[in-house]
């Protein structure tokens, strides 16, 4: 009975109710869409930082990630296969790293050579999928090399050209050999494009005189946000002397960016809904003031103050639930459309590198349950908080004074 009365009262002033409802629906829908777009940008940044180079997890010798010591190697060739047997790990790729001088034609540049198994690496990172010229490394690459676009431009080389690489080997000798450029990649990350070269793992092991040894094993996991917990579990079962790093350890700036996004999301929601709450407060204060005599009559014939308060709160609850349903549906629909189609801004802006990741020149959304339930839940809470003050005022009315009020 009380619910039916509250619903009837809610639509007495149809125009005012529709205006307030529209503000709530539009604000919640656009907020869900905006948070989805922000999540998409964060997803791109995290993917570019981890899936292009580092991977989600890395196993290496203790101390290697601090100074990249040439001699801090892993000698267990069965370790990548053992790691892949764990259900949370999608793939593992052994790597060997070298720094030295790369020469092409009459120009030399410092470069980082990353020795990989092409078949394993493409399951962990996306570096080889960013080709802009040539072809990817074959399964048996020999002395083939994929070179970053910026480095290729500085050296003046292209697919099919020959390079010379010089570095210090593990036996104290000077390692040098020829490389043949098979392809050129461009990731949008200046650090990779201007100084990274992908080569075959056996070729680099031979050059560095490190047979059967690798510097690290990069891994891809099902849920990147759960990488820290997986790293802790792995550390408990690995041999002493091996460290496990998640992407947050390797990229602390990215971890801070993710944390700041969570805080920023809450701040944006509160600021937007504070304004929406003022609109709801105004609507119900006006409704209570217009019905002062009615409340006085109801209390005079026996309705208790707490029942009057409950009736007004039921009106705000019904309005909030309706706004939640319409706003949540609209936000989900717009997020789906933005996820499916997106907006390409490559003609207006260029990729931006931030916190170790790259923000691509495109807008697209990502589904995150928090982006839906948090705006919807807070909308309902703020609606009830804004409705409490008018409900409290109505409950405190004196019947005689209320009836006499014009």
Problem - Matching residues, segment 88-107, being out of contact with any helix residue (DSSP H, G or I) (no Cβ under 9 Å at 6 or more places or on another chain) and at pLDDT 90 or above - result: 99, 100, 101
Practice task
Evaluate the following for residue 324: is it surrounded by fewer than 18 Cβ atoms within 10 Å (Cβ to Cβ) and at pLDDT 85 or above?
Solution key: no
Fill in the blank from the handout: Going through (1) in contact with a helix residue (DSSP H, G or I) (Cβ under 8 Å, 6 or more places away or on another chain); (2) touching a residue at least 60 places away in the same chain (Cβ under 8 Å) one by one, residue 199 fails only at (1)
Practice task
Would you please list the contacts, defined by Cβ atoms under 6 Å and residues six or more apart or on different chains, that run from a residue in segment 142-162 that is closer than 14 Å to residue 108 by Cβ and in the same structural domain as residue 207 (by TED's automatic domain parsing) to a residue that is modelled with pLDDT under 90 and surrounded by fewer than 18 Cβ atoms within 10 Å (Cβ to Cβ)?
Solution key: 155/107; 156/105
Handout entry: Which numbered condition residue 48 misses (of (1) more than 17 Å from residue 257 (Cα to Cα); (2) touching a strand residue (DSSP E or B) at 6+ places or on another chain (Cβ under 6 Å); (3) crowded, with 19+ Cβ neighbours inside 10 Å)
Key = (1)
Handout entry: Boolean, residue 146 is modelled with pLDDT of 90 or more, under 20 Å from residue 213 (Cα atoms) and in contact with a strand residue (DSSP E or B) (Cβ under 9 Å, 6 or more places away or on another chain)
Key = no
Completion exercise
Residue set 308, 312, 244; condition over 30 Å from residue 5 (Cβ atoms) and touching a helix residue (DSSP H, G or I) at 6+ places or on another chain (Cβ under 9 Å); output residue 244
Exercise for the section: Inspect all residues belonging to segment 213-223 and state whether any of them is in the same structural domain as residue 151 (by TED's automatic domain parsing), at pLDDT 90 or above, touching a helix residue (DSSP H, G or I) at 6+ places or on another chain (Cβ under 9 Å) and part of a helix (DSSP H, G or I). Expected result: no
Handout entry: Members of segment 131-186 found to be within 34 Å of the chain's Cα centre (by Cα) and exposed (fewer than 14 other Cβ atoms within 10 Å of the Cβ), listed by number
Key = 132, 135, 138, 139
Handout entry: Residue among 235, 226, 259 that is surrounded by fewer than 20 Cβ atoms within 10 Å (Cβ to Cβ), under 30 Å from residue 32 (Cα atoms) and in the same structural domain as residue 91 (by TED's automatic domain parsing)
Key = 226
Practice task
Looking only at segment 117-130, decide whether some residue is in contact (Cβ under 8 Å) with a residue 40 or more places away in the chain, over 17 Å from residue 202 (Cα atoms) and more than 28 Å from the chain's Cα centre (by Cα).
Solution key: no
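The values are calculated or read from the model by the stated rules, or taken from the named source; none is laboratory data. Every value quoted in this text rests on a predicted model; they were computed, and no experiment measured them. For neighbour counting, all protein chains shown are included, and Cβ atoms are generated from backbone atoms with ideal geometry for every residue, glycine included.
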